[in-house]
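Working notes, structure below.
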Amino acid sequence: ILLMRRDLLITLIKNAYRHNFTDFGVDVLQREVGNYKMYGYEITRHALVIDSIQSYFEANMRLLDKHVRDEVFDPERPVYTKLRDDMPARYGFDAKICDSLIADGCMIEGEVKNSIIFRGVRIGKGAKVENCILMQSCQVDKNCSLGYIVADKNVHIKEGRTLMGYKSFPLVIGKGLTV
């Protein structure tokens, strides 16, 4: 975690751009270590570093492990967020859920395995969602098959679609798109 003044960050980024530097830690911070006061603190708890789509996907999948989740979301150090109370998630008669995190306001009628489902997501009958991250208000119509997908807010996957990424290269669908 880096803490610095906004104007200093902008200066460092502009300088990095001028010199075609691409790694903020190596190309920017290490070169400037003698010019600024820098302090380091050891983090003894679990930390999830997110600096790419791949690391975002991996960090989220690690949250499915209760031990990781308990360390990241320690009750002694609460995470505060904007509340939006919604009805509890609803599950259809044929729904099957395994090793997943499902937020409130969801309607799940298909199968969800090893996935993170944000609030307000709809998954239709016969749909199979595995190793996916579906953000707020996504809709997966019936008989779809999704694997290793990261879908931003308000994505609509139409009936019968099959979309597959790979563990080391998840398929990303941008905000508000219809597939």
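The values are calculated or read from the model by the stated rules, or taken from the named source; none is laboratory data. Computed from a predicted structure; not experimentally measured. We place every Cβ from the backbone using ideal geometry, glycine too, and count neighbours over all the protein chains shown. Please note that ligands, DNA and RNA were not included when accessible areas were found on the heavy atoms of the full protein model with its side chains. Shrake-Rupley method; radii C 1.70, N 1.55, O 1.52, S 1.80 Å.
Compute, for C98, the solvent-accessible surface of its heavy atoms (probe 1.4 Å) with the complete set of protein chains present, and express it in square angstrom to the nearest 10.
60
Sum up the charges of everything whose Cβ sits under 13 Å from the Cβ of G176, counting Lys and Arg as +1 and Asp and Glu as -1, but leave G176 out.
Details: positive: K153, K175; negative: D152.
Around G176, the surrounding residues sum to +1.
Could you calculate the FRET efficiency of I1 with D86 from 1/(1 + (r/R0)^6), where r is the beta carbon distance between them and R0 is 30 Å, rounded to 0.05?
Details: r = 31 Å, r/R0 = 1.03.
Approximately 0.45, to the nearest 0.05.
So, R0 is 35 Å and r is the distance between the beta-carbons of K158 and D51; what FRET efficiency does that work out to, to 0.05?
On the way: r = 33 Å, r/R0 = 0.93.
Calculated transfer efficiency: 0.60.
So which trypsin sites (Lys or Arg not before Pro) in segment 1-94 are both in a DSSP loop and have at most 16 other Cβ atoms within 10 Å of their Cβ?
Values: sites: R5, R6, K14, R18, R31, K37, R45, R62, K66, R69, K82, R84, R90; in loops: R5, K37, R45, K82, R84.
Sparse-neighbourhood loop trypsin sites (Lys or Arg not before Pro): R5, K37, R45, K82, R84.
For segment 97-159, run through the GluC sites (Glu not before Pro) and keep only the ones in DSSP coil with at most 14 other Cβ atoms within 10 Å of their Cβ. Kindly include the intermediate steps, with their values, before the conclusion.
Working: sites: E109, E111, E130, E159; in loops: E109, E159.
Those that pass, being in a loop and sparsely packed, are E159.
Computed FRET efficiency, Cβ-Cβ of D65 and V33, R0 35 Å: what is it to the nearest 0.05? Don't skip to the end; give the middle numbers.
Details: r = 35 Å, r/R0 = 1.01.
Approximately 0.50, to the nearest 0.05.
Cα axis of helix 6-18 to longest principal axis of the chain: angle in degrees, 0 to 90, nearest 10?
90
Give, rounded to the nearest 20 debye, the magnitude of the charge dipole that the chain has about its Cα centre when Lys and Arg contribute +1 at Cβ and Asp and Glu contribute -1 at Cβ. Provide the component values of the computation, followed by the final result.
On the way: 26 positive and 23 negative charges, 99 e Å.
About 480 debye.
Return the distance in nm (one decimal) between the two label points of a simple spin-label model at D74 and V179, each offset 7 Å from Cα along Cα→Cβ.
The two pseudo-label positions are separated by 3.7 nm.
Once you have all Cα-Cα distances for segment 6-83, histogram them in 10 Å bins from zero and send the whole-percent values.
Cα pair-distance distribution for segment 6-83, in percent: 14, 31, 30, 23, 2.
With both bridge residues required to lie in the chain, what share of the DSSP beta bridges run antiparallel, to the nearest 5%?
Values: 1 of 31 bridges.
So the antiparallel bridges in the chain amount to around 5 percent.
Which of these values of Kirkwood radius over Cα pairs in Å was calculated from the structure shown: [x] 18.7; [y] 17.4; [z] 16.5?
[x]
Tilt of helix 53-62 relative to the longest C-alpha principal axis of the chain, in degrees (0 to 90, nearest 10)?
60
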